[in-house]
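These notes are about the structure you will find just below.
Only the coordinates and a few stated rules stand behind these numbers; no lab work does. Every value quoted in this text rests on a predicted model; they were computed, and no experiment measured them. Every residue, glycine as well, gets a Cβ built from its backbone with ideal geometry; the counts of neighbours run over all protein chains shown.
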Amino acid sequence: MIITERKKIRLADYDYSSVGAYFITLCTKNKVKNLSHIIVGDGLPVPKNTAYGDVVKAYIDEIKVRYSGVSVDKFVIMPNHIHMIIVISQSGTGNPSPCIIM
């Protein structure tokens, strides 16, 4: 297997702790589909969380409590990734938490 280096998509001189809205995507390790299952409800496919997805949702709901000036505007938990819009409404929100590996 050839391992390629990921493309750097961050702006070199941008302060990502600045006030603003940020669209982020988080992926599971090895793209394992353990966060939700897609089911058809009323003709439309919708994700239904697994137990792991419920834990992720609980942590997302905690963001506004743990970090003043930070909130999650919208999010969706897909089978192997999460999309979120995080809003930072004040600068100096503190140091980030360590990563959680599932």
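A few points about this structure:
- Counting lysine pairs in the chain that sit 8 or more residues apart in sequence, or on different chains, and whose Cα atoms lie under 15 Å apart gives 4.
- Point-to-point label distance, TYR52-LYS8, nm (Cα→Cβ direction, 7 Å offset): 3.1 nm
- Between SER36 and THR50, the built amide H atoms are under 5 Å apart, and every one of these is 5 or more places off in sequence or on another chain.
- Angle in degrees between helix 51-66 and the longest Cα principal axis of the chain, rounded to the nearest 10: 20 degrees
- The ranking of LEU35, LEU44 from fewest to most other beta carbons within 10 Å of each one's beta carbon is LEU44, LEU35.
- Whether the chain is rounded, prolate or oblate, judged on the alpha carbon gyration tensor where a/c under 1.5 counts as rounded: oblate
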